[in-house]
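Working notes, beginning with the structure itself.
Where a number appears in this text, it was derived from the coordinates with a stated rule and is not lab data. These numbers were taken from a predicted model, which means no experiment stands behind them. Cβ atoms come from the backbone with ideal geometry, glycine included; neighbour counts cover every protein chain shown.
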Amino acid sequence: MNNQVPVKFKIKGITFPRLDFVFIGASVGDDFDYAFRVEGLVSDDKNLKILFGVRLFTRDKVEEKTPKIQVTVEAIAEFEFEQILPRINHMKDVPMAGNLLAFMYPFIREKINYCFVNNGMSLFLPSVNTFQLVKDNFDNPNFRITDSRDEKEASRSEST
């Protein structure tokens with residue numbers, strides 16, 4: 001899409017298919033690492049589903065295997081665009097990809113905080129530059145998107 005054309009979208013819903021956590025004798029003073037996962041599915045010309053996952057885990061391990069704290073939250077948001085989406089092969093091709101992830105991140109951050117509060121701790125994740133996140137993960141296999149319109153067109157071609 002041309003960057004000069006305003007991209008308009010609305011969110012149709014957000015769900016949380018995954019919320020896992022393990023707390024084994026850890027404290028909030030421990031050092032944490034983060035891992036991100038982003039998957040997208042273009043179902044038709046105007047609809048896009050994005051799964052955005054964040055995994056937070058301590059660097060210290062129990063018996064050198066299991067992190068003392070590990071929290072994984074995944075959210076799926078459904079977006080409907082006013083414009084027809086271009087062919088999409090990578091997250092960088094998604095119009096306003098950084099904005100879409102930035103919209104989802106506070107919901108994920110709130111769920112992670114909820115896990116800590118329920119275990120007698122308080123942790124509020126720092127902000128994430130989602131534009132840089134997309135840019136830095138160009139070749140990351142955990143950042144992928146499927147444009148199912150290509151599959152639909154291929155099956156139509158085979159049937160004719």
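Just a few scattered comments:
- Among 89, 119, 40 the positive-end extreme of the charge dipole of the chain (Cβ point charges): 119
- Only Lys, Arg, Asp and Glu carry charge here, each on its Cβ (+1 for the first two, -1 for the last two); on that basis segment 40-122 has a dipole of about 380 debye about its Cα centre.
- Multiplying the residue separation of residue 132 and residue 118 by 0.36 nm and subtracting their alpha-carbon distance yields 1.9 nm.
- Kirkwood-based shape ratio for the chain, expressed as Rg/Rh from alpha carbons: 1.05
- The count of lysine pairs in segment 9-159 that are at least 8 places apart or cross chains, and whose C-alpha atoms lie under 30 Å apart, stands at 28.
- Point-to-point label distance, residue 45-residue 90, nm (Cα→Cβ direction, 7 Å offset): 2.7
- Model label sites at residue 10 and residue 60, defined 7 Å from Cα along the beta-carbon direction, differ in position by 5.0 nm.
- Convex hull projection area averaged over all views, segment 50-107, Cα basis, nm²: 5.4
- Cβ-Cβ FRET estimate between residue 142 and residue 82, R0 fixed at 25 Å, reported to 0.05: 0.25
- Computed magnitude of the charge dipole of the chain (debye, nearest 20; Cβ of K, R +1, Cβ of D, E -1): 260
- Between the alpha-carbon centres of segment 126-142 and segment 73-106 there is a gap of 13 Å.
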